[in-house]
Amino acid sequence: MDNNRISMVSFVWQAAGIAVMLAMPNSVVALYVSSIIVGLSVGNIVSLPPLVIQHEFAPRSFGLLVGLNATVGTLIMAVGPGLFGLAHDLSGSYAASLCLCIGVQLASSLIILCAPRVVREPVSATERG
């Protein structure tokens, strides 16, 4: 399977779930369904990056890049809620925060879609090291 495509679909799926929340905030069924949609795809945020890193980069870089990914991800998770709260406070509505989430998800999908594909030769046992 192509982990990049799975990541892209996961981001689009999350954006769709958030869009349903935004479009039908008074429907309990819609909120449950959209929460399930987002919940089923959000786990990929944790599990897919190491798989993508393993596929896209040399084995000797794996530890460094997974650590860098975790660091950057943690920093974004630390700053994100404050930015979404600021969007809410400035607009007076959660719609701005949800639209920002949708924009980030779709931008992530576009970045993955436009990224050049790397074709690697299989790594031999001696190169793994």
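No lab work stands behind these numbers, since they all come straight from the coordinates. Not measured: the values here are computed from a predicted model. Note that each Cβ is placed from the backbone with ideal geometry, even for glycine, and that neighbours are counted across all protein chains shown.
Return the only residue of 12, 29 being part of a helix (DSSP H, G or I), of a type outside the set (Ser, Thr, Tyr) and within 10 Å of the chain's Cα centre (by Cα). If you could, list the steps in order and put the result at the bottom.
Numbers: 29 fails: within 10 Å of the chain's Cα centre (by Cα).
Answer to the check: 12.
What are the residues in the stretch 15-26 that are surrounded by 14 or more Cβ atoms within 10 Å (Cβ to Cβ) and not in a helix (DSSP H, G or I), if any?
Within the stretch 15-26, the subset surrounded by 14 or more Cβ atoms within 10 Å (Cβ to Cβ) is 15-22, 24.
Result: 24, single match.
Mind checking which residues of the stretch 14-66 are more than 21 Å from residue 99 (Cα to Cα) and of a type in the set (Phe, Trp, Tyr)?
57, 62
I'd like the full set of residues that are surrounded by 13 or more Cβ atoms within 10 Å (Cβ to Cβ) and over 15 Å from the mean Cα position of the chain (by Cα), limited to the stretch 73-82. Explain how you work it out, then say what you get.
Initial filter on the stretch 73-82 (surrounded by 13 or more Cβ atoms within 10 Å (Cβ to Cβ)): 73, 80.
Once the filter is applied, which keeps residues that are surrounded by 13 or more Cβ atoms within 10 Å (Cβ to Cβ) and over 15 Å from the mean Cα position of the chain (by Cα), the stretch 73-82 yields nothing.
Where residues in the stretch 59-72 are without any contact (Cβ under 8 Å) to a residue 12 or more places away in the chain and closer than 18 Å to residue 42 by Cα, which of them is surrounded by the fewest Cβ atoms within 10 Å (Cβ to Cβ)?
Among them, the one singled out is 72.
Inspect all residues belonging to the stretch 99-109 and state whether any of them is exposed (fewer than 11 other Cβ atoms within 10 Å of the Cβ), out of contact with any Cys (no Cβ under 9 Å at 6 or more places or on another chain), of a type in the set (Gly, Ala, Ser) and part of a helix (DSSP H, G or I). Working first, answer last.
Of the stretch 99-109, the ones exposed (fewer than 11 other Cβ atoms within 10 Å of the Cβ) are none.
No, that holds for no residue.
Consider only pairs whose beta carbons are under 6 Å apart and that are at least six residues apart or on different chains; among these, list those whose first residue lies in the stretch 14-41 and is basic (Lys, Arg) and whose second residue is outside any helix (DSSP H, G or I) and surrounded by fewer than 18 Cβ atoms within 10 Å (Cβ to Cβ).
Note: no pairs meet the criteria.
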